[in-house]
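The values are calculated or read from the model by the stated rules, or taken from the named source; none is laboratory data. Only a predicted model underlies this, so the values are computations on that prediction, with no experimental measurement involved. We place every Cβ from the backbone using ideal geometry, glycine too, and count neighbours over all the protein chains shown.
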């Protein structure tokens, strides 16, 4: 939802603008976190039931974000001022939604707002990971390095998505066609054959009985099935948007057999990269851990790093505090951190941890992409075999009777 606000800064300056957030409370919290005294906060436009659907259509694609971030990093590397860089990007960008957001970013920068605060107003475009990395870079004065890191990160993600899509196109098309054919067989063909089987008193295989009964059930109750499915989807999606639901979803992700291992390595790589950048910039370790927790993109890792930071403030070594959360941080992580603490090269070891787990993520993803297509084709083959057996076996028995 989009809200219009009027607020005053700590210096008493009047500030107006728009902010996008899930609710009025979260919008107010964001403004308060920027040390603004809110005078008014109103809904800019009434939300419509189809807004979420339109947002899916009118969205900024990952490839658009990748190009924007790489161009942004190039301009900053050329030592072009931040405001001028954004104005140049506005002229080069073709995506209308991203173009409008860049225009608002440039205006906010000119009015004295930091880049992270300006980006935070466009949460539908800039992820919390992106905003947190920019915020940490503003603290350390390494904005150019942070944007370059994000450009590299987004290029990897876009390349990964492209590879997964390429591997999935053929199996998904075949699987879709299979379900269409199966639906026609179960809903149209089998009900017409059922009276013939009953009259001839031919023995019908179990799998055929299951498909016949399923077809009859779907034919009689299809409307109720559709309504129940829609309600279930709405309830589940709404739950996973809550704080509790996000925690549950994060726990499920990291505990899945194969995918969970991938997510853990991804989160550890993000944690190590962000923490290394912050420590290198002179930020205290405890504060670096807390900031890094907000860059990972996982609530459970954010909470775990908050506890690690509290342990460091209480006098623990960072390696000892990480060892208490072995579920989320493998032994290799806190062992390498211990080496960094003993040698005084913690930021260097954090970079090595990030590089190691980034390579691990790339390796796991490459293997998964290679396995997706043959695994799906094997599943499709089994389903096709079951469907043909359900059709041909009773027909064969019927031919034997005559």
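Things worth noting here:
- Residue count, region 329-357 (criterion: under 17 Å from residue 273 (Cβ atoms) and not in a helix (DSSP H, G or I)): 3
- Residue ID - nearest to the chain's Cα centre (by Cα), chosen from residues in region 189-220 that are under 18 Å from residue 392 (Cβ atoms) and outside any helix (DSSP H, G or I): 205
- Boolean, residue 396 is in a helix (DSSP H, G or I) and over 30 Å from residue 200 (Cα atoms): no
- Selection within region 218-231 - surrounded by 12 or more Cβ atoms within 10 Å (Cβ to Cβ) and closer than 16 Å to residue 190 by Cβ: 218, 219
- Failed condition for residue 292, given (1) crowded, with 22+ Cβ neighbours inside 10 Å; (2) at pLDDT 90 or above: (2)
- Filter pass, residue 184 being in contact with a helix residue (DSSP H, G or I) (Cβ under 9 Å, 6 or more places away or on another chain), loosely packed, with under 13 Cβ neighbours inside 10 Å and modelled with pLDDT under 80: no
- Residue check for residue 374: surrounded by fewer than 16 Cβ atoms within 10 Å (Cβ to Cβ) and modelled with pLDDT of 90 or more: no
- Residue in region 94-108 that is farther than 29 Å from residue 28 by Cβ and either in the same structural domain as residue 272 (by TED's automatic domain parsing) or surrounded by 15 or more Cβ atoms within 10 Å (Cβ to Cβ) (or both) present: yes
- Residue 235 vs. criteria closer than 30 Å to residue 267 by Cα and loosely packed, with under 11 Cβ neighbours inside 10 Å: yes
- Residue within region 275-286 that is free of Cβ contacts under 8 Å to residues at least 60 places away in the same chain and out of contact with any helix residue (DSSP H, G or I) (no Cβ under 8 Å at 6 or more places or on another chain) present: yes
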